[in-house]
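For reference, the structure discussed in these notes is given below.
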Amino acid sequence: MRANFAIHPAIQQYQNLDVAYKNFFDSGKGKRKGKKAKPPRFKKKTNTQSATFTKAAFSLSDNLIYLAKIGNLNPVWSRELPCEPSSVTVIKDAANRYFLSFVVEVEPVNVAPENQSIGIDLGIKTFAFMSNGKKAESPDYSKADRKIRKLQRKLARQVKGSHRRHKIRLKIAKKHNRIADTRKDFLHKLSTKVVRENQSVILEDLNVSGMVRNRKLSRAISLQGWQEFRVLVEAKFEKFGRQFTVISRWESTSQICSDCGFRWGELDLKVRSVTCVSCGSVHDRDENAAKNIEKIGTGHGHDSKCTRSDRKRMFEK
């Protein structure tokens, strides 16, 4: 069933631009008067292209979708649509792959949580260490990353505008997409599992921009997607009716014993296991940090904290 009239997809882009300018002019005359909306600017940084079709410009019939000015398409559906979509966006990525993204209304999901709260410490090899002792290993991106570096060296030797350079560019884009798809699949599954099973999720506010200045770890940190995981958890906690908390980056989560509260100070990254000189308990570095994150996020960070007088009496004995 086709629509009686159609809107060209480019018109939707002009409508988005019109809304951006209206928001800019309605919110004040420039930054100096407390303006909230910035002026629209061209900020495309990737090779991704998109076109949005409103309800009058597309229609669904069985497994087919009709798009104005394009015709009928038979896409591979990842899932069944929960209701009638209000708009659809056609996305083309750098590897010449096409995707359809639908805007639909989704009802909140009511699932009883298994645990009251959980603290999560994010890392590189072990992506997430939970305060309950569970951990999620990070996917191995090294093989695809090595191939990308090899292809990028090859790309640098090709003549600009040549056919071979274009072929190598597509190969690099496909490798990047493979890494991005693997990471996105892993983060979506982990974030859904964490939010579904726990009433309260607590993360640490990491200074990622400062951490990537470390030349030895910057590439590995950039591949993990810590910020993307935080955004996904933050978006899903409303859907499941959960609570999401982020503690300050200045909390000494890896410098304090999670059992007795004794502070042993900064540790080198090579140190993965710590024995507390106060209570004698042996801690895995990441698990201890996750337990401290949970305590601080739930307001129990000072329950087991040692005071100076306690430490003096401890060492006098």
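Each reported figure results from applying straightforward, stated rules to the coordinates on display, with no laboratory input. This structure is a prediction, so every number in the text was calculated from the model and none was measured. Virtual Cβ from ideal backbone geometry, glycine too; neighbours counted across all protein chains shown.
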Inset, instruction - On a 0 to 90° scale, report how tilted helix 226-239 is relative to the longest principal axis of the chain, with both axes built from alpha carbons and the result rounded to the nearest 10. - result: 80
Inset, instruction - Run the quick spin-label model on residue 94 and residue 273: label points 7 Å from Cα toward the beta carbon, then report their separation in nm to one decimal. - result: 4.2
Inset, instruction - Go through 131, 182, 170 and say which Cα lies farthest out towards the positive end of the charge dipole of region 116-189; charges sit on Cβ, +1 for Lys and Arg, -1 for Asp and Glu. - result: 170
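Treat every Asp and Glu Cβ in region 147-305 as -1 and every Lys and Arg Cβ as +1, leave all other atoms uncharged, and give the resulting dipole magnitude about the Cα centre to the nearest 20 debye. Don't skip to the end; give the middle numbers.
Numbers: 36 positive and 17 negative charges, 483 e Å.
Charge dipole of region 147-305: 2320 debye, to the nearest 20.
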Inset, instruction - Work out, step by step, the length gained on full extension between residue 160 and residue 143: first 0.36 nm times the residue separation, then minus their alpha carbon distance; give nm to one decimal. - result: 3.4 nm
Legend entry - Cβ-based exposure ranking for 276, 257, 83, in which fewest neighbours within 10 Å come first: 83, 276, 257
Inset, instruction - Rounded, prolate or oblate: pick one for region 48-157, where a ≥ b ≥ c are the square roots of the eigenvalues of its C-alpha gyration tensor, a/c under 1.5 means rounded, and failing that, prolate if a/b is larger than b/c, else oblate. - result: oblate
Legend entry - Amide H contacts under 5 Å for residue 87, placed H, 5+ residues apart: 103
Legend entry - Förster radius 30 Å - calculated FRET efficiency between residue 205 and residue 50 (Cβ-Cβ, nearest 0.05): 0.45
Legend entry - Hz values of 3J(HN,Hα) by residue in region 208-225 - Karplus curve (6.51, -1.76, 1.60), Gly and Pro given as x: 5, 4, x, 5, 6, 6, 6, 4, 7, 10, 4, 5, 5, 5, 5, 6, 6, x
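Please state the charge dipole magnitude for the chain, taken about the Cα centre, from unit charges on C-beta atoms (+1 on K and R, -1 on D and E), reported in debye and rounded to the nearest 20. Don't skip to the answer; put the middle values down first.
On the way: 64 positive and 32 negative charges, 550 e Å.
Using Cβ point charges on Lys, Arg, Asp and Glu, the chain gives about 2640 debye.
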Inset, instruction - Find the centroid of the Cα atoms in region 150-209 and in region 68-120, then give the distance between the two in whole Å. - result: 19
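Pull out the extension gain between residue 79 and residue 62, defined as 0.36 nm times the separation in residues minus the alpha carbon to alpha carbon distance; nm, one decimal. If you can, show how the numbers build up before the last one.
Working: separation 17, 0.36 × 17 = 6.12 nm, distance 1.37 nm.
Gain on extension, residue 79 to residue 62, equals 4.8 nm.
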Inset, instruction - May I ask which residue of 158, 23, 89 lies farthest towards the positive end of the charge dipole of the chain, with charges of +1 (Lys, Arg) and -1 (Asp, Glu) on Cβ and the Cα centre as origin? - result: 158
Inset, instruction - Can you check what the net charge comes to around residue 205, using other residues whose Cβ is under 14 Å from the Cβ of residue 205 (Lys, Arg +1; Asp, Glu -1)? - result: -2
Inset, instruction - List the relative contact order of region 45-138 as a percent without decimals, with contacts defined as Cα pairs under 8 Å and 6+ residues apart. - result: 20
Legend entry - Longest site-free stretch - the chain; sites: chymotrypsin sites (Phe, Trp or Tyr not before Pro), DSSP loop, at most 12 other Cβ within 10 Å: 78-249
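For the chain, what class follows from the C-alpha gyration tensor (a ≥ b ≥ c being the square roots of its eigenvalues): rounded when a/c is under 1.5, otherwise prolate if a/b is larger than b/c, else oblate? Write out the running numbers ahead of the final one.
Details: a/c = 2.16, a/b = 1.73, b/c = 1.25.
Prolate, because a/c is 1.5 or more and a/b exceeds b/c.
In deg cm²/dmol and to the nearest 500, what is the mean residue ellipticity at 222 nm of the chain if only DSSP H runs of at least 4 residues count, each as -39500 (n - 2.57), divided by the residue total? Don't skip to the end; give the middle numbers.
Working: 8 runs with 115 residues, N = 317.
It comes out at -12000 deg cm²/dmol, rounded to the nearest 500.
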